[in-house]
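**Q** Here's a structure for you.
The values are calculated or read from the model by the stated rules, or taken from the named source; none is laboratory data. Please read all numbers here as calculations on a predicted model, not as lab measurements. All Cβ positions, even for glycine, are placed from backbone atoms using ideal geometry, and neighbour counts span all protein chains on display. For accessibility, only protein heavy atoms count, side chains too; no ligands or nucleic acids. Shrake-Rupley method; radii C 1.70, N 1.55, O 1.52, S 1.80 Å.
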Amino acid sequence: MNHTQNHDELNPEERKKFTALSRRHSPAATLEARIVSALKAQGHIQMTPAPPIWTPPRWAGAFAAALVFLALGFGLGKWQSGTSPQQTRHHLFVLFLYDSPETPPDDISKVAEYSGWARQIGMSKRMISGEKLKDGGRLLRQVRGQLEIREVREATEPHVLGGYFLIAAENYDDALKVAASCPHLKYGGLIELREIDQI
Amino acid sequence: MKILSKYLAQRADRRLVRNFLARRDEQTFRALYHRHTPALYQLALRLASWNVHEAEEAVQDTWLRAIEALEKFRWESSLRTWLSGITINCCRELYRQRARRSDERVAEQYVQEDATTNDCEPLDLEQAIAALPNGYRQVLVLHDVEGYTHEEISRLLDIEVGTSKSQLARARRSVREALQVVAEKSANRRI
């Protein structure tokens, strides 16, 4: 039997149908977490995040030009005495960095301070990533079935989300230490610290 | 251009694998996962006749086996081809388990998911592929959907090149017959 006979080949119309077949299906989001957990349990992935290959984000200087300092709820003494990092398992935290409208002009000398901080956190194997967010965000919500979209006005909002750092820490108190050492606070920024819920 | 993009993709794979083996870190694994899982999952879905649970199981087993064997991977094929080979083996094992359970749910979930589609032709083709016997379906999916050559399929499925060609010819004939039935039914409805 000659398997290369013409009638066994796809004609152009059939080929088109095969090309048009969907490739858009994705597995459930939980699959990734299941696989990572299984690989950790088998020892193929380290429980502790590896030393990151990390460079300070370019926006560090922009935060140094941060705004009027809004009330921060960080009680430094409180956590410094209460920390006992006995756990070996690392948790992931996000530091959301907010600006306020009264941002002082950029000061290049502060860039080095941000970079030094970021490098220090990176060397302690805690920094995973950090990114600046562009201006011009929008808030979306649905009101009585209608989509409402509102511009985030940097000039009038009390806090504007400007960027984030993703870090690994032993526990919340440990992450709080890292957040409190960020120079963003010194220059009037606000930081919200949240732990990632690794379901 | 295609060769360049393939080259760049392989170079990125090599870098990620090298970094992962050196560090065994979650971040690099996730990068590998995101690069290859969509394609592996799509392949597994078709090989498993759109059984979502089996496809996910196959993808999970693929990564567990691949990471365990990654140090031994010699780059004699692309990483994607190697991973696809593991996915195919996982799917074949699942066929055998399914056969033991006599638990066939051919195309059920796919039909549910895409029931509202306007263009029925790709769906009919998917159903025709899903209804093929396992051997035919594997060769047809790998050749006509995924674009592998008979030589590659021969290595992936551990069969002769001639077997791959004959399975493909029979698979195409079966698909054409199934599509013909659909077309005739559709014509009768219009009359």
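**Q** Looking at B:32, B:79, B:83, which one is open to solvent by less than 10 Å² (accessible area, probe 1.4 Å) and closer than 20 Å to residue B:144 by Cα? Walk me through it before giving the result.
**A** On the way: B:32 fails: closer than 20 Å to residue B:144 by Cα; B:79 fails: closer than 20 Å to residue B:144 by Cα.
Going through B:32, B:79, B:83 in turn, just one is open to solvent by less than 10 Å² (accessible area, probe 1.4 Å) and closer than 20 Å to residue B:144 by Cα: B:83.
**Q** Restricting attention to the stretch A:101-111, does a residue exist that is open to solvent by 40 Å² or more (accessible area, probe 1.4 Å), at pLDDT 80 or above and among the hydrophobic types (A, V, I, L, M, F, W, C)?
**A** Taking the stretch A:101-111 first, the residues open to solvent by 40 Å² or more (accessible area, probe 1.4 Å) are A:101-109, A:111.
From what is left, the residues that are at pLDDT 80 or above are none.
For the stretch A:101-111, residues open to solvent by 40 Å² or more (accessible area, probe 1.4 Å), at pLDDT 80 or above and among the hydrophobic types (A, V, I, L, M, F, W, C): absent.
**Q** Return the residue satisfying two criteria in turn: it lies in the stretch B:153-168 and is away from chain A (no Cβ under 12 Å) and in a helix (DSSP H, G or I), and of such residues it is most open to solvent (accessible area, probe 1.4 Å).
**A** Selected residue: B:155.
**Q** Hey, another quick one. Return yes or no: is residue B:39 of a type in the set (A, V, I, L, M), under 16 Å from the mean Cα position of the chain (by Cα), within 11 Å of another protein chain (Cβ to nearest Cβ) and surrounded by fewer than 17 Cβ atoms within 10 Å (Cβ to Cβ)?
**A** It is true that residue B:39 is of a type in the set (A, V, I, L, M), under 16 Å from the mean Cα position of the chain (by Cα), within 11 Å of another protein chain (Cβ to nearest Cβ) and surrounded by fewer than 17 Cβ atoms within 10 Å (Cβ to Cβ).
**Q** Let me ask something else. With the condition kept exactly as written, say whether any residue in the stretch B:98-107 is within 18 Å of residue B:42 (Cβ to Cβ) and at pLDDT below 90.
**A** To start, the set of residues in the stretch B:98-107 that are within 18 Å of residue B:42 (Cβ to Cβ) comprises B:106-107.
Still in the list and also at pLDDT below 90: B:106-107.
Yes, the stretch B:98-107 contains a residue that is within 18 Å of residue B:42 (Cβ to Cβ) and at pLDDT below 90.
**Q** Also, quick follow-up: With the structure loaded, tell me whether residue B:23 is more than 20 Å from the chain's Cα centre (by Cα), facing chain A (nearest Cβ under 9 Å) and open to solvent by 10 Å² or more (accessible area, probe 1.4 Å) or whether it fails that test. Reasoning before the result, please.
**A** Values: more than 20 Å from the chain's Cα centre (by Cα): yes; facing chain A (nearest Cβ under 9 Å): yes; open to solvent by 10 Å² or more (accessible area, probe 1.4 Å): yes.
It is true that residue B:23 is more than 20 Å from the chain's Cα centre (by Cα), facing chain A (nearest Cβ under 9 Å) and open to solvent by 10 Å² or more (accessible area, probe 1.4 Å).
**Q** Take the stretch B:47-72 and flag every residue that is surrounded by fewer than 19 Cβ atoms within 10 Å (Cβ to Cβ) and closer than 20 Å to residue B:142 by Cβ.
**A** B:65
**Q** Going by the conditions given, is residue A:189 farther than 20 Å from residue A:92 by Cβ and either touching a residue at least 24 places away in the same chain (Cβ under 8 Å) or in contact with a helix residue (DSSP H, G or I) (Cβ under 6 Å, 6 or more places away or on another chain) (or both)? Talk me through it step by step, then tell me what you get.
**A** Values: farther than 20 Å from residue A:92 by Cβ: yes; either touching a residue at least 24 places away in the same chain (Cβ under 8 Å) or in contact with a helix residue (DSSP H, G or I) (Cβ under 6 Å, 6 or more places away or on another chain) (or both): yes.
Yes, satisfied.
**Q** Could you please let me know if residue B:176 is open to solvent by 40 Å² or more (accessible area, probe 1.4 Å), outside the structural domain of residue B:41 (by TED's automatic domain parsing) and at pLDDT 90 or above?
**A** On the way: open to solvent by 40 Å² or more (accessible area, probe 1.4 Å): yes; outside the structural domain of residue B:41 (by TED's automatic domain parsing): yes; at pLDDT 90 or above: yes.
Answer is yes for this residue.
**Q** Mind checking whether some residue in the stretch B:141-152 is within 13 Å of chain A (Cβ to nearest Cβ), assigned to a helix (DSSP H, G or I) and within 17 Å of residue B:90 (Cα to Cα)?
**A** yes
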